[in-house]
Structure formats: C-alpha cells, structure tokens
Amino acid sequence: MIINLVKPTIFDKSKIISGVTLKNTNNLHPKGISFLETGDFSNDEIKANIDSLAHTLDIHSDLIILQTQTHSDIVRIVNNDSDVDISDAMITNNRGIIIGARIADCCAILLFDKKTDTIAAIHSGWKGTEQNICRKTIEIMHSRFGCIPTDIIAYLSVCACGTCYEVGEDFKSIFPACTVKRGNDYYFDNRKMIMKQLLEAGLNVNNIEISSECSIHNSNFHSYRRDRSESGRMLAFIGMKN
C-alpha cells in the first residue's frame, strides 16, 4: 500500500527524505494508517504500517528507526543498529536511515544541519515544550556534531492549532506569550511557542517552515483531542539520502 504524505518544502529533496503521514483511511484500514505509541513494534498492525511506509519510500523497513515516546526531554543519538528505546527526540548523522516522531495533536519538529549533515526528529507536546526539548536537541547537535544553529533548517508539523487547542487556566502562567483567553476558555498555541524557542536557540527565521494545518480541525489527520481512544498516530519523519 502506498501511503499519502504531506511533504515539507524547505528541505533539499536531492539530500533529504521527509514527510508526515496522513490518516490514509481506506477499506483495509477504516480507522486509517497509524503508528501507535504502544512501544510494541512487534505488533502486526504497526509492522504492516511501517512496511507500507517503507514501500512508499522505496527503502527497507529496518531502516526506519522509531522511539517509545513519554513526553520527556530525553534526546538520543541513534544509528543503523539502534534499538527502540525511550526518548522524545533522536539525532543522527547516519545516511540512509529514517528517524521519526509519532504525533496526534502534538508537534513534530524535523531538523537538518546542511553543513554537518546531521538530522533530528523531535516530539513536542506541551510537556516537551515546557521542558524545551527543542533547545536541548539543538545543544546536543552542537556539542556532539558541531552544528551551528544558524545552519539548521527546521520544519514544524501539523498539530493542534492555537484556535482549537483548549487548555486549563494554568497554561497562562506556564506559556503566557502563547496562551489566550476567549470567553471563559483558554487556548494554547504550541507551534508559536516552539517557534519562539527555536529562534531563542539561534535558528534563522528564514530557515523555518511551519505547517498551517490543524490536526483537530482537519479530519485527514489523526487527533487525540478529537477522536480520543479511536485516534491513531501520524509519523513525521526525516532521513538523509545515501
């Protein structure tokens, strides 16, 4: 099965493979293609979906490296031989492998340093954003691979938008610049906050692409807020071509 994707435009397609899987609902998958956050990648459904993505990208499924996400600020450096482990961000300078972050209202951030040929895939829900996992990832890219923030290109994925992402009043104190009150309700703009963090970490505004899609509003994407237990997960991924 060929999986439909949203593809970032900011990365050099001669060097980078990247995208975000859509829901891909069809007769075989009435709830859509999903990369569930079970941590059990031996699950037959997840294996079949990984195989479908590998087929779409014309690579071997063993080259797709995933992680068990826990809304942490754990960042791992991975390579071709890395096992699945707990983290919410992965960094590699290995060509040919695909790294990814699973999302369903949280934001994925894909990074590429064009000078050192280093990539990263970050999962940042509000907890990851509160812990500033983006800054931590960029700092590790700098310390381990010599990446300079102004050389890093970034893509912010589809996620819950600031119009639909209803939160508690406490968010106003956690994210005062990115939480607004409308009537008696509060709404948080996670992408706006992540953008702010990337700029504070030294990225150039012209090197950042931001998806305008909202996972809650657009039914072509998985949304936990909208569908609760019926929600699957998209996969935002990036890899460097050999």
Note, segment 78-84: 3J(HN,Hα) by Karplus (6.51, -1.76, 1.60, θ = phi - 60°), whole Hz, Gly/Pro = x, goes 10, 9, 4, 9, 5, 7, 5
Over all directions, the chain yields a Cα convex hull whose mean projected area in nm² is 12.3
Expressed in angstrom and ordered largest first, the alpha-carbon extents of segment 1-112 along the principal axes are 38, 32, 27
One would report the antiparallel percent of DSSP beta bridges in the chain, rounded to the nearest 5, as 80
Final fewest-first order of CYS164, CYS106 on the 10 Å Cβ neighbour count is CYS164, CYS106
If LEU22, LEU63, LEU110 are placed from fewest to most neighbouring beta carbons inside 10 Å, the sequence is LEU63, LEU22, LEU110
With a 31 Å threshold on alpha-carbon distance, the violating pairs from LYS23/LYS115; LYS13/LYS172; LYS47/LYS127; LYS13/LYS196 are LYS23/LYS115; LYS13/LYS172
From the Cα centre of segment 131-186 to that of segment 193-212, the distance in Å is 9
Computed over the Cα atoms of segment 129-232, the Rg and Dmax in Å are 15.4, 47
A student applying the Cα gyration tensor rule (rounded when a/c is under 1.5; otherwise prolate if a/b is larger than b/c, oblate if not) would label segment 112-166 prolate
Proxy exposure order for ILE77, ILE50 (fewest C-beta within 10 Å first) is ILE77, ILE50
Within the chain, cysteines having no neighbouring cysteine beta carbon under 4.7 Å are CYS106, CYS134, CYS147, CYS164, CYS178
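Computed from the coordinates by the stated procedures, all read-outs in this text should not be read as laboratory data. What you see is a predicted model; the values in this text were computed from it and never measured. Reconstructed Cβ throughout: ideal geometry from the backbone, glycine too, with neighbour counts over all protein chains shown.
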